[in-house]
Amino acid sequence: MTILLCVSNILTYALIEYPYFELIQQNSKSKISFTLILAIFYAFAFISGFYASYIDPEDHIVQEQILCQKTGEKFDDSPYEYYCHVCKVCVNDGSKHCKECNKCVLKFDHHCRWLNNCIGAKNYKPFIVFIVSAEAGLIFKFVVQVIGCR
Ligand SMILES: [Zn+2]
Ligand SMILES: [Zn+2]
C-alpha cells in the first residue's frame, strides 16, 4: 500500500505537476530546487512510511507467553492484570487486540489502512515522521502553485 501511494505520488508529480511547473516557472534553477525539496519530502515519507509498516507493533509479552506455552515453561503473569480473550494471553496495560491484524498491539493507537499495519508504541515515531513529511510535501506543493499562479 505504501509503495502504491508513493508510486502514484511520483507519477502525479511527473505527469501533471512537473509540466505544470514548466508552464508557470520559466526559471530552470528554481524548478530544480522545487523538485529537490519535494524529493526530500517524498523520500522522508517513503522511508518512514515503509519503516512504520514494516515494524511489528505486537505486544512483546504475547510471543513470550506463546513460546512458554510451546516449551511448557511457566510464565510469570503476576505483574500483568490485563488479559486478551482472543489471544488467550496476558497483555500490558494499554494493549488492545486489533481485529484486522489479529494481534495485541502495545499502546494501540489505531489501525492504519494506508500502511496496512497497526500504529502503537513501537512504530509511533516513524508514523509521525511519515504524516509530517507527507503533509509538509503537500503544503509545499500548494504554496509553490499559489505563488506560481500570480
Ligand atoms: Zn489479542
Ligand atoms: Zn491492526
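Within a 10 angstrom radius of the beta carbon, how do 105, 62, 86 rank from fewest other beta carbons to most?
Neighbour counts put them in this order, fewest first: 86, 62, 105.
Non-local amide H neighbours of residue 117 (under 5 Å, H modeled in plane, Pro and chain starts lacking H): which ones?
So residue 117 has HN proximity to 112.
Enter the per residue convex hull volume of region 58-108, computed from alpha-carbon coordinates, in Å³ rounded to the nearest integer.
Given the Cα convex hull of region 58-108, per-residue volume reads 67 Å³.
Calculate the spin-label point distance for residue 125 paired with residue 140, positioning each point 7 Å from the Cα along the beta-carbon direction, and give it in nanometres.
For residue 140 paired with residue 125, the spin-label model returns 2.2 nm.
For the pair residue 83 and residue 68, how long in nm is the line joining their label points, each one 7 Å along Cα→Cβ?
Those two pseudo-labels are separated by 1.4 nm.
Counting only other residues whose beta carbon sits under 11 Å from that of residue 68, what net charge do I get with K and R as +1, D and E as -1?
Its environment carries a net charge of -2.
Could you work out how far apart the two model spin labels at residue 35 and residue 110 are, taking each label as a point 7 Å from the Cα in the direction of the beta carbon, and quote it in nm?
Those two pseudo-labels are separated by 3.5 nm.
Read the figures in this text as sums done on the coordinates, not as results from a lab. Given the structure is predicted, the values throughout are model-derived calculations rather than measurements. Cβ atoms come from the backbone with ideal geometry, glycine included; neighbour counts cover every protein chain shown.
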